[in-house]
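Peer 1: Sharing a structure here in structure tokens format.
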Amino acid sequence: MFYYNPNDSHVMVNNRVGTNSTFNLATRTGKVISISEILLVMVLLMILPCIALESRSSIDLQTDGAVLFCQSGNTRYEVWLDEIETLELIDEMPENLFRTNALGSKHLYKGKFTGGGMVDLKILADPTVPPYLKIKTGSDGYFIFGTRNPEITQQVFAALAAKTGEKQS
């Protein structure tokens, strides 16, 4: 498993048994590679719980009368109400979604997607908790927002529908 031989100048050596190879820890390069591997594993072990927590973080959806805010963690979207062209309350995520620059897990879609006939689509929602707000704006494309509490999503939709009037679908 570990090979240390100061008299051997090879950085990588074959194991005596099997077809695997290992690094010679007596060489400087062998030490650097082995330490780098250990650090990489440690970083991954610290990052994975953070990603798991991120996928369960709250999703806040609210409006102040002029702007709709949707936020989770360090991701925040703002949609000006006067830029909304269409507003829908949908019960299912669009089919054939592809992440273009996004986090997609079982309980969180967050970032830029394409699919369902929408190219510039930004989603911040838990795909397991419908309904969702589907918004089309003139300048920023499409948005799909949803909280982990369906009543809040429906309340925000009702408030937006009242503000935007005829734009509601």
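The values are calculated or read from the model by the stated rules, or taken from the named source; none is laboratory data. Remember, it's a predicted structure, so these values are computed and weren't measured experimentally. Every residue, glycine as well, gets a Cβ built from its backbone with ideal geometry; the counts of neighbours run over all protein chains shown.
Peer 1: Answer yes or no: is there a residue in region 22-37 that is within 30 Å of Gly141 (Cα to Cα), surrounded by 10 or more Cβ atoms within 10 Å (Cβ to Cβ) and among the acidic types (Asp, Glu).
Peer 2: Scanning region 22-37 turns up no residue that is within 30 Å of Gly141 (Cα to Cα), surrounded by 10 or more Cβ atoms within 10 Å (Cβ to Cβ) and among the acidic types (Asp, Glu).
Peer 1: Follow-up question, since we're still on this one. Out of all the residues in region 23-38, is one or more without any contact (Cβ under 8 Å) to a residue 60 or more places away in the chain, of a type in the set (A, V, I, L, M), under 30 Å from Phe2 (Cβ atoms) and touching a helix residue (DSSP H, G or I) at 6+ places or on another chain (Cβ under 9 Å)?
Peer 2: Initial filter on region 23-38 (without any contact (Cβ under 8 Å) to a residue 60 or more places away in the chain): 23-38.
Among the residues that remain, those that are also of a type in the set (A, V, I, L, M) are: 25-26, 32-33, 35, 38.
Imposing the further condition that a residue be under 30 Å from Phe2 (Cβ atoms) reduces the set to 25-26, 32-33, 35, 38.
From what's left, touching a helix residue (DSSP H, G or I) at 6+ places or on another chain (Cβ under 9 Å): 25.
Yes, some residue in region 23-38 is without any contact (Cβ under 8 Å) to a residue 60 or more places away in the chain, of a type in the set (A, V, I, L, M), under 30 Å from Phe2 (Cβ atoms) and touching a helix residue (DSSP H, G or I) at 6+ places or on another chain (Cβ under 9 Å).
Peer 1: Kindly check whether there is at least one residue in region 140-148 that is of a type outside the set (S, T, N, Q), at pLDDT below 90 and under 14 Å from Leu68 (Cα atoms).
Peer 2: Checked against the condition, which is being of a type outside the set (S, T, N, Q), at pLDDT below 90 and under 14 Å from Leu68 (Cα atoms), region 140-148 yields at least one hit.
Peer 1: Quick one: in region 1-60, of everything that is polar (S, T, N, Q) and over 38 Å from the mean Cα position of the chain (by Cα), which residue is nearest to Asn149 (Cα to Cα)? Quick ask: steps written out before the conclusion?
Peer 2: Here is the first cut: in region 1-60, the ones polar (S, T, N, Q) are 5, 7, 9, 14-15, 19-22, 24, 27, 29, 34, 36, 55, 57-58.
Those still in the list that are over 38 Å from the mean Cα position of the chain (by Cα) too: 5, 7, 9, 14-15, 19, 24, 27.
Values: Asn5: 62, Asn7: 66, Ser9: 63, Asn14: 57, Asn15: 56, Thr19: 54, Asn24: 56, Thr27: 58 Å.
Across region 1-60, the extreme among qualifying residues is Thr19.
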